[in-house]
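For reference, the structure discussed in these notes is given below.
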């Protein structure tokens, strides 16, 4: 910005606008990114890069027609300049755009072009990614034979790559393939290999380290403030002594004494308030450690017991029990992962490090994504799900925090539903400026006391008496804070054994009001 304000050089201005546009794109500020990139002149030597980021930005903004237009411009520039590697990235963007437009033939054409170019450059990581993209496309089109063929190629190639994430994705995809084919023994082998690449213990240690760092940082800040107050008190004492030895000793001593006494009372109150806040913060951290360590220990212990049974089932070739234990292990791992994920977001929220960017969100599509993520759990409990959200509903919220809220509430609805139960998500129109999203199930329900406890406006976590049913309360606490930050409201209607209705109220997007 400084360079743009002081220089009239067109070439330097082009680079400045380009760098700002790319930076905004990486920050997911797509409107700002597009504005900066459009300020880059046509004489800019990296026009293909400019068009690529414009295409990618409109793809992220779900403006697919504009996305295709700029990807095509980038393609033409890259072909003229013979930029093979960059052209491969462009084909990935074009293929992805056609997938969203449900034009799968064209999507297949460009993803194959991407694969051919990556093979030409002999970049194994890019080739592995191309295989996986094609396999996922064919899986989406129910062309299982082709999908499995490319999943296997990706898996075999991943063995030659020193990239843990590629190895984990490739082995996990093979596990899913073998599970769908009913080959559970081989699927288990791939699952174990996938878990080997995913160091859950390391992730857990990172979370604990973050919480411990947050506690130490808060204590250090409070101690620093107390030290400053002590220095200020010492300075006041010095001022008082100076006044005491002045010519007007009696008068200034009286005034100085009253002033210093008032300051001491004020400082004492400040110190006492800060001490109470620090004690409350420490109590919260200690309680968090106690609650989460208890739940993690329970999950790990259950996983340990289940794995012992799993080994026995493998030896006895009891495949029915083996299938049951695999599902049980998956449920335990998902529960522990959800707990750690909620803990991380809660810690970021408490330290004000969580970034919020509100934008217009298509509510029906988000609910569709959540349904897709939880499809295995719905099938496992034979739960009927209905997405009755209006396709014309657009709300103005932060997308990432909305997904966290919906995942937690949807997970609770599944967890507390009986087998063969029903879950329904729908919208109601009660106000022109707000949209109500309702998550309703016919499961266990809860008492009014439990509802009051969940909705209580308290920053501290609380371990409920019936811990097997209620859990840590961390997920609901996280939901409440994120709903509030998005300008929304939360209400709960429920009765024991009659199901639960969660009502979320969010502001609509102005243009759709």
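Derivation of every value follows stated rules applied to the coordinates shown; laboratory data play no part. Model, not experiment: these values are computed from the prediction. Here the Cβ is made from the backbone with ideal geometry for all residues, glycine too, and neighbour counts use every protein chain on show.
Please work out how much length the chain gains when fully extended from residue 185 to residue 258, using 0.36 nm per residue of separation minus the C-alpha to C-alpha distance, in nm with one decimal. Don't skip to the end; give the middle numbers.
Details: separation 73, 0.36 × 73 = 26.28 nm, distance 8.28 nm.
Roughly 18.0 nm would be gained on extension.
Please work out whether region 105-173 counts as rounded, prolate or oblate from its C-alpha gyration tensor, where a ≥ b ≥ c are the square roots of the eigenvalues and a/c under 1.5 means rounded, while otherwise a/b larger than b/c means prolate and anything else oblate?
Working: a/c = 2.37, a/b = 1.22, b/c = 1.94.
Because a/c hits 1.5 or more and a/b fails to exceed b/c, region 105-173 counts as oblate.
For region 2-195, what's the relative contact order in percent, using C-alpha pairs closer than 8 Å and at least 6 residues apart?
10
Highest first, please rank the peptides 241-249, 418-426 by the mean number of other Cβ atoms sitting within 10 Å of their residues. Present the calculation step by step, with values, prior to reporting the outcome.
Working: 241-249: 11.4, 418-426: 16.4.
Top to bottom by mean Cβ count within 10 Å: 418-426, 241-249.
Between Rg and the Kirkwood Rh of region 2-195, both from Cα atoms, what is the Rg to Rh ratio? Before the final figure, lay out the partial values.
Details: Rg = 19.7 Å, Rh = 18.4 Å.
Result: Rg/Rh = 1.07.
Given 0.36 nm per residue, what is the gain on full extension from residue 28 to residue 11 after removing their alpha carbon distance, in nm?
Working: separation 17, 0.36 × 17 = 6.12 nm, distance 2.59 nm.
Working it through step by step, the gained length comes to 3.5 nm.
If eta is 1.002 mPa s and T is 20 °C, what Stokes-Einstein diffusion coefficient results for region 355-512, Kirkwood Rh from Cα pairs, in µm²/s? If you can, show how the numbers build up before the last one.
Numbers: Rh = 16.1 Å.
Stokes-Einstein gives a translational diffusion coefficient of 134 µm²/s.
With 10 angstrom as the radius, rank 122, 159, 222 by how many other C-beta atoms surround their C-beta, starting from the fewest. Could the numbers behind the result be given before it?
Working: 122 8, 159 11, 222 17.
Ordered from fewest to most neighbouring Cβ atoms within 10 Å, 122, 159, 222 come out as 122, 159, 222.
Suppose the chain between residue 176 and residue 145 were pulled fully straight at 0.36 nm per residue; how much longer would it get relative to their current alpha carbon spacing?
On the way: separation 31, 0.36 × 31 = 11.16 nm, distance 1.39 nm.
Taking 0.36 nm per residue and subtracting the Cα distance, the gain is 9.8 nm.
Sorting check: for 311-321, 90-100, which peptide has the highest mean count of neighbouring beta carbons within 10 Å, and how do the rest follow? Write down the numbers at each step before the final one.
On the way: 311-321: 12.2, 90-100: 22.2.
The densest-packed peptide leads the list: 90-100, 311-321.
Consider all pairwise Cα distances in region 42-121 and report the whole-number % of them above 15 Å.
Details: 1613 of 3160 pairs.
Result for the distance tail: 51 percent.
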